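**Q** I am attaching a structure below and will ask some questions about it afterwards.
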Amino acid sequence: MASAGTFCPEEGCHHYAKVDEANIIKFGKSKQGVQRYRCKSCGTTFAATRGTLFYRKHAPVKDILETLALLAEGVRISSLSRAKGFKEDTILRWLREAARHAEAVEDVLLADYELSKAQVDGLWTYVGNKGQKGATQRAQTAESSGVVP
Ligand SMILES: [Zn+2]
């Protein structure tokens, strides 16, 4: 995976996701001390952590982060699904993916979406509650259905 700050995360930019084309410059730090960068080509500024998240996902990173931010603020998945037009399964998948990069996602949500730490923590609790559905159930069903008459 390309390291943070080496490519422009803005879709539509001429340099989008192209590494080491000398279009990225350092651009100060966020309140939380996260290094920020600016793309000289399109003028987008972004946190160091953003570029590596959800790289090459179907939905734009901005949509994913916005959705996660709204979830953290307490909006229900079913409401978000209707409002944004993403399947609930898709949103849950983003949540689980985000949880694997929890630290980096937290930096971005805190820096760019002005959420509190407690709100972001609530997001991970939510994933913990939802994340383990199905796996053990399916294994048991497979065993019992293998019986030959
Ligand atoms: Zn750019």
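**Q** Residues that are over 19 Å from A48 (Cβ atoms) and of a type in the set (A, V, I, L, M, F, W, C): which helices (runs of 4 or more DSSP H) entirely in the range 68-124 hold 3 or more of them?
**A** 77-84, 88-100
**Q** Can you tell me which residue within the range 74-109, out of those that are among the acidic types (D, E) and modelled with pLDDT of 90 or more, is surrounded by the most Cβ atoms within 10 Å (Cβ to Cβ)? Before you say what the answer is, go through the steps one by one.
**A** Within the range 74-109, the subset among the acidic types (D, E) is 88-89, 97, 103, 106-107.
Among the residues that remain, those that are also modelled with pLDDT of 90 or more are: 88-89.
Details: E88: 13, D89: 10.
For the range 74-109, the residue satisfying everything is E88.
The values are calculated or read from the model by the stated rules, or taken from the named source; none is laboratory data. Fair warning: this is a prediction, and the values are worked out from it, not measured in the lab. Cβ coordinates were reconstructed from backbone atoms using ideal geometry, including for glycine residues, and neighbour counts include every protein chain displayed.
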